[in-house]
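Here's the structure, in structure tokens; my notes come after.
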Amino acid sequence: MYKKILMFLLICFFLTGCTLESERFSDETVETSVDSNVLSENEDLAMEETSLSELKERAKTISNKYIVDIYLENECLLDYSAYTAVVLDNTRLISESLDILEQSLSKYPENFMKQLQFGAITSIRIELVASLQLKDHMKDGIDAAAFAEEKHDYFLMVFDVNQLSESTFHHETAHLIDKRLEWENIVKKGTMFSEEAWLKLQPDGFDYTYSYSLEAEMKEYYDESYFVSEYSCTYPTEDRATMMEMAMMGYKEEFVKKPKLKEKLKYYGKCMRECFDTENWPEIAKWEEIYYE
């Protein structure tokens, strides 16, 4: 009887020990699982950081090749004279935007962006941001996908990546081309480009609205043979920017429909040939393909 009781107690102890051991292993498994999740999250974070780091390196590579300065994420100013923006930290959008910038820049002749740095201007700062919004106090401003402006010693180009496209880049670059042509006209005097000469290429009696808010006047002044859109009738520089974005995108058929616009582009192209050092340019630049068959 005593032996049976002793045997029973030993069996119970053995079974209890197995259960406790099983629970101990179970607890360790849970702890291991938690540690794996933390590790997985850390790996994801590391991948994100590595990815952003790689994108910044790519931005530097593009910058060096085309002689511009591309800024990403918290490198951007965000608070501008007429607009505000938020930090862009989406690596996919950054990557896609760099693709667009690289493709757009590749369409210009060698060292073209360098020649847009003149006088006191020593660099072109390109920022990729999100949620670009017009400040409340800007009465004649408009919501925009991008803008370009002259600072003390550099040109600033800011792009909202949610609306960035090649045509947007070419539009803003045209504003910088305008600045170079204007500067050349002042310094050298008597160059082909002038606002007076440009105005003579417009319809008889035409003048720009010199405002972004006079929609009725834009419609009244618009002539489809001369202009890309009603927006082109706001300012001379917007007329040229809309024209150049269409030319850089290779929309030849649109210029066939707009013969007067084609004449304006040819004049503008000649002004650029006169102003820029064209030694390393191709025989026909991208925008010249529109009027040279």
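The values are calculated or read from the model by the stated rules, or taken from the named source; none is laboratory data. Quick caveat, the model's predicted, so the values are computed rather than measured. We place every Cβ from the backbone using ideal geometry, glycine too, and count neighbours over all the protein chains shown.
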**Fill in**
(1) touching a strand residue (DSSP E or B) at 6+ places or on another chain (Cβ under 8 Å); (2) not assigned by TED's automatic domain parsing to the domain that holds Thr237 all hold for His152 apart from (1)
**Asked** So, in segment 60-78, of the ones that are buried (at least 17 other Cβ atoms within 10 Å of the Cβ) and of a type in the set (Ser, Thr, Tyr), which residue ends up nearest to Asp136 (Cα to Cα)?
**Response** Tyr71
**Fill in**
Checked Thr84, Thr61, Thr91 against criteria (in contact with a helix residue (DSSP H, G or I) (Cβ under 7 Å, 6 or more places away or on another chain) and among the hydroxyl-bearing types (Ser, Thr, Tyr)); the one match is Thr91
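What residue, of Met138, Met157, is within 26 Å of Tyr66 (Cβ to Cβ) and either without any contact (Cβ under 8 Å) to a residue 60 or more places away in the chain or of a type in the set (Asp, Glu) (or both)?
Working: Met138 fails: within 26 Å of Tyr66 (Cβ to Cβ).
Checking each option against the conditions leaves just Met157.
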**Message:** Considering only segment 199-211, I want to know if a residue exists there that is under 22 Å from Ser104 (Cβ atoms) and loosely packed, with under 13 Cβ neighbours inside 10 Å.
**Reply:** no
**Message:** Here are the criteria: (1) assigned to a helix (DSSP H, G or I); (2) touching a helix residue (DSSP H, G or I) at 6+ places or on another chain (Cβ under 6 Å); (3) within 19 Å of His170 (Cβ to Cβ); (4) not aliphatic (A, V, I, L, M). Tell me which single one Glu253 does not satisfy.
**Reply:** (2)
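Can you tell which of Lys270, Lys286 is within 22 Å of the chain's Cα centre (by Cα), within 22 Å of Phe112 (Cα to Cα) and of a type in the set (Lys, Arg)? Steps first, answer last, please.
Values: Lys270 fails: within 22 Å of the chain's Cα centre (by Cα).
Unique residue meeting the criteria: Lys286.
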**Asked** Of the numbered conditions (1) among the basic types (Lys, Arg); (2) loosely packed, with under 14 Cβ neighbours inside 10 Å; (3) at pLDDT 95 or above, Arg180 satisfies every one except a single condition; which is it?
**Response** (2)
**Fill in**
If we keep only residues of segment 79-123 that are among the polar types (S, T, N, Q) and part of a helix (DSSP H, G or I), then the residue surrounded by the most Cβ atoms within 10 Å (Cβ to Cβ) is Ser97
